[in-house]
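Okay, so here's the structure we're looking at.
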Amino acid sequence: MMIQEQAQGEFNKGFRKSEEFQRDLPEEKVSAFSAILGKFFKDEAEDYKKTVTGAIPDYDGLLKSGRGKGNDAHLTEDIQEIDRISNRKYRFAGLRIFEASEKGEKYPQSSPYMDLFEIQNNDSESHSINLRLMKDLSELARSGQGPADEFISKGVPSMGTQWQMYMPLVLVQQLDAAHAEAKQGIAATHDESEKQAWAKGFDIAFKSLMADYYQARDDVAQDGKEMAGWFKSQEEKRGSKLSKADILKEVHEELSRSWPRPIPPLDQDALQEWRDVPAIEENTFMHNWGWADKLYKSVAVDSFGGEYLLGVYEHKEDAHQAFLEWSREFDDAQRKLKEELTQWSKEEQARLEGETHEGHDMMRKKIEEARMTGGI
């Protein structure tokens, strides 16, 4: 308590002048406390010596850890299929949606993705609805605005028979939303005329959604086919000696026939410059990215997850062969690197063994002596 009071009144001028502040602990208590504190530090020092002595580092540990271990670098093959038909459809669908949005309109859903659906067909009501559904689909198919004939030819199975069929996912989602809205409207009214109006409205929406979807789907698909056909049309010029000047003349001639206004004549100096430039350039003529239906991307993946594009090929076998060739070169390079590192390691080891280690040994001896005496 006395020590605590003195510490608390350290900055109190009045208390510092008092006898209480000037009083010291009895000599026997100071001696006893010193003895306890000395024993504590002595025990701590002994524990520290034991810990340090038991954890002497292996000075050659780094050399040992790297000795005899090889490089585990390797390549893994990854062949990725590219559906160019879908790529083109996606591109033209986006263009048509953008054009419609510029006019303040909406373009219909056109995704051709098909999913399997199970349609209720276990009672007279559901069977009657299915027959009417198939009738409407048949009419749309005959007008060119519905599903393919083979889809219609299967017809509705007999009542009680499980009925599953593949249908466009986006179309089914739209029809489900329209049906739910009509069902809600019918349930909310007791007027028979309003119920009939809701039912008739759904029939109109059903046919409209079906017609719009199939029309949009076919238009987008046709856009993709035309683009692929445009790239394939280069085949007609294979082996020709046409120059870029000849192509420019053909383009000018075609524009002169189809453009609503007169086209200015071609600059003769420009034609002269392009007359000696071949129209067909190497590595660009008939490029498969423009006309192929499917392509295969060959990718090499290293042991750290890094990916390296080796090329894009028309056939899967070619993509696989490209990886084998690249992997063979990679393995050869790794083997040469390993041989160089092994040779370098031998040279360095010979150099170290040839040097005097008197200084090293002396340093280690001093460190060990310091550890044993508690100097470190």
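Go through the stretch 238-262 and give me each residue that's among the basic types (Lys, Arg) and either touching a Pro at 6+ places or on another chain (Cβ under 7 Å) or exposed (fewer than 15 other Cβ atoms within 10 Å of the Cβ) (or both). Step through it out loud before you land on a result.
Keep residues of the stretch 238-262 that are among the basic types (Lys, Arg), which gives 238, 241, 244, 249, 257, 261.
Across the stretch 238-262, the qualifying residues are 238, 241, 257, 261.
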Worksheet item: Restricting the first residue to the stretch 259-288 and requiring it to be β-branched (Val, Ile, Thr), which pairs with a second residue that is in a strand (DSSP E or B) and loosely packed, with under 12 Cβ neighbours inside 10 Å meet a Cβ separation below 8 Å and a spacing of at least six or different chains?
Response: none
Discussion item. Considering only the stretch 172-187, I want to know if a residue exists there that is at pLDDT 85 or above, part of a loop (DSSP other than H, G, I, E, B) and either touching a Lys or Arg at 6+ places or on another chain (Cβ under 9 Å) or not aliphatic (A, V, I, L, M) (or both).
Written reply: no
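Residue-by-condition table, conditions (1) of a type in the set (Gly, Ala, Ser); (2) not assigned by TED's automatic domain parsing to the domain that holds residue 143:
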site	(1), (2)
209	no, no
213	no, no
248	no, yes
268	no, yes
290	yes, yes
297	no, yes
301	no, yes
308	no, yes
313	no, yes
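So which residues in the stretch 275-307 are touching a helix residue (DSSP H, G or I) at 6+ places or on another chain (Cβ under 9 Å) and either of a type in the set (D, E, K, R) or on the phi > 0 side of the Ramachandran plot (or both)?
Answer for the stretch 275-307, where residues must be touching a helix residue (DSSP H, G or I) at 6+ places or on another chain (Cβ under 9 Å) and either of a type in the set (D, E, K, R) or on the phi > 0 side of the Ramachandran plot (or both): 275, 276, 286, 293, 294, 297, 302.
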Discussion item. Going by what's in this entry, would residue 81 be described as farther than 29 Å from residue 297 by Cβ and among the acidic types (Asp, Glu)?
Written reply: no
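Just to be sure, is residue 167 in a strand (DSSP E or B) and in the same structural domain as residue 89 (by TED's automatic domain parsing)?
Details: in a strand (DSSP E or B): yes; in the same structural domain as residue 89 (by TED's automatic domain parsing): yes.
It is true that residue 167 is in a strand (DSSP E or B) and in the same structural domain as residue 89 (by TED's automatic domain parsing).
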Item to complete: Could you please find all residues in the stretch 196-224 being surrounded by 14 or more Cβ atoms within 10 Å (Cβ to Cβ) and among the basic types (Lys, Arg)?
Response: 207, 217
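The values are calculated or read from the model by the stated rules, or taken from the named source; none is laboratory data. In this text, all values refer to a predicted model and were calculated from it rather than measured experimentally. When we count neighbours, we look across all protein chains shown, and the Cβ atoms used for this are built from the backbone with ideal geometry, even at glycine.
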